[in-house]
C-alpha cells in the first residue's frame, strides 16, 4: 500500500476512529501519524470523540450488586500480590514467583558449593593429603556445582517463558483460545494465548502423553481456507506440561485474516512441517 | 489515578461506582449476553486496578481510555469461538438495541453519572442519522467489523460503506456541536 498523505489520512480518520480500517490501512495511517503531528492530533481527537460518543449511544444498563461484590473482593485479594498483573495472569504470576524463589535457593546452593570448592582447593595444595581421594571429592563437588548451574539455567529459562506469557496476557488485544484433548489424548488440555498486535502467541498445555524417541509435538494454526501453518515443535516435561512461545506468529498473515482454529499434532521428528500427525489437542470446532 | 497506583481500595470502589454501569452497558451492547458482559466488566476494572500505569494521561481523558479498553475487550469476547455462530446469526447493529436486556436508569437520577447529559445528546445525534449510516457505524464499532466486512455483510459496495461511515460520523459530530452550543437540531 502506498504511503498516505494528509488528504488520504483525513479521508480515513473516521473509519480509523471507530476501528473500521483493516490492519494494512491502519498501519498506513499510523505511519503517516508518526510523521505528521497535525494529522496525529486530528486522529487522536476524532478517536477520543468517537469512542466516547458511540459508547454513550449504547443503551444504558445496570450492572448487578453481585458483580460489584465480586470485583471488589478480587481487587482486595490482588492488592496483596506484590506485582500488578491481570486476573487471568494471577496463577502465572504465582508460578513465576515460586520459580524465582527456587532460583534464589539454587543460587545460594551454588555459592555455598563454590566456597566448598575453594576450601578444598586450598586444602589440597597446602596439606598434600591423599591426592586420589581428595581429587575424587573435588570432582564430586565440581559435579554438584555444574548440576546447580544447569538447574539454575533451566529455572531461569522457565521464568523467562512465564514472563513472556504474562506480558502477552496484558496486551489490550490478547485473545485466549481453549484447547481440548482429542480421543488420542483425552487427559490433555491447554490454552493458546495470542495477540495479533504483538504478532505473538503462547501455547500452554498439560496432560500431554510422553513422547517416544523420535517424536515431537507440533502446533498448527489453521485458516478458513484450510491452510495449515506450523507454529513450531516442542516436547513436554516429565509431568506432561509444555509451553511454546510463538514469535512472528501466523496470527494475521493477511490484513483482516485471522486464524480459524488451532491444534497440536504428534509428529515423527523428521516429519514436522507436514500436517500428517495424530491430533492430540484442538480448539473448539467452528 | 494516583490513589489507584497507591493501591487505595476506596479510590478503586469510587471509580467502579462511577463507571461500572457505563462499562457494562458498552460490553452488553457488543456481546449481547449479560453474563459475558459482567465478565468483561470485571476484567476491565481489575486490569485498571492491577495496571493503572497503562493509562497515559497525555493520551486524553481517563473515561475515553476506559471505554476504548472495554470496547476492545468486548470485541475479543464477541469473537470467541463458543459464541461466534450465535453472533454471526444476529450481528451487532441489527438489533438496534430493542432486543437487548437493558434497563434505562432514568428512574434513578441519584445514580446517574455526570455523563448522562452527554448520553442524551449522543442519542439525539444518533437518531438524526439516516438508518443506513447508523447501521454501518454500529456494525463497525459494536460489531468489530472492518469497512470491507461491513460491505460484505450488507451486500453494498465498499465505497458506499466508506461514504456512509464518513458522512454519518460527520453528521453526528455536527449534531453534538450544535447541541453543545444550544443551537437547533438538524
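Test of understanding: what is the full-extension gain from residue A:213 to residue A:34, defined as 0.36 nm times their sequence separation minus their Cα-Cα distance?
Once the chain is fully extended between residue A:213 and residue A:34, it gains 59.3 nm.
By its C-alpha gyration tensor, with a ≥ b ≥ c as the square roots of the eigenvalues, how is the range A:140-218 shaped: rounded for a/c under 1.5, else prolate for a/b larger than b/c, else oblate?
Here the range A:140-218 falls in the oblate category.
Arrange the peptides B:32-41, A:225-234 so that the one whose residues have, on average, the most other Cβ atoms within 10 Å appears first.
B:32-41, A:225-234
Can you sort B:171, B:61 so the residue with the fewest Cβ neighbours within 10 Å comes first?
B:61, B:171
Just to verify a number: FRET efficiency for residue A:45 and residue A:151, C-beta to C-beta distance, R0 = 45 Å, to 0.05?
0.25
Does a label point 7 Å from the Cα of residue B:79, set along Cα-to-beta-carbon, have any residues of the range A:25-50 with amide nitrogen under 20 Å, and which are they?
Of the residues in the range A:25-50, A:25-31 have backbone N under 20 Å from the label point off residue B:79.
In whole angstrom, and with the biggest value first, how far do the Cα coordinates of the range B:1-77 range along each principal axis?
The principal-axis extents, from largest down, are 35, 25, 17 Å.
Among rounded, prolate and oblate, which fits the range B:147-186 when a ≥ b ≥ c are the square roots of the eigenvalues of its C-alpha gyration tensor, a/c under 1.5 means rounded, and a/b larger than b/c means prolate?
prolate
Using label points projected 7 Å from each Cα along Cα→Cβ, tell me how many nm separate residue B:177 and residue A:199, to one decimal.
3.9 nm
So if we plug the beta-carbon distance of residue A:276 and residue A:164 into 1/(1 + (r/R0)^6) with R0 = 22 Å, what FRET efficiency do we get, rounded to 0.05?
My answer for the efficiency is 0.15.
Across peptide B:32-39, what mean number of C-beta atoms from other chains lies inside 10 Å of a residue's C-beta?
2
Rounded, prolate or oblate, given the Cα gyration tensor of the range B:121-177, with a/c below 1.5 counting as rounded? Don't skip to the end; give the middle numbers.
Working: a/c = 2.42, a/b = 1.90, b/c = 1.27.
It comes out prolate by the Cα gyration axes.
Just to verify a number: FRET efficiency for residue A:229 and residue B:18, C-beta to C-beta distance, R0 = 51 Å, to 0.05?
Plugging the Cβ-Cβ distance into 1/(1 + (r/R0)^6) gives 0.70.
Once both labels are modelled 7 Å past Cα along the beta-carbon direction, what's the residue B:5-residue B:116 spacing in nm?
Distance between label points: 3.3 nm.
How far, in nm, would the chain grow between residue A:79 and residue A:247 when pulled straight, counting 0.36 nm per residue and subtracting the alpha carbon separation?
Once the chain is fully extended between residue A:79 and residue A:247, it gains 57.3 nm.
Applying a 10 Å radius around every beta-carbon, put B:124-130, B:47-53 in order of their mean neighbour count, most first.
B:47-53, B:124-130
Under a crude label model (7 Å from the Cα following the beta-carbon direction), how far is residue A:7 from residue B:156 in nanometres?
2.5 nm
Multiply the residue separation of residue A:62 and residue A:23 by 0.36 nm, subtract the distance between their alpha-carbon atoms, and state the gained length in nm to one decimal.
Difference between extended and current length: 10.6 nm.
Where a number appears in this text, it was derived from the coordinates with a stated rule and is not lab data. The model shown is predicted, which means the values in this text are computed figures rather than measured ones. No Cβ is skipped: glycine too gets one built from the backbone with ideal geometry, and neighbour counts run over all protein chains shown.
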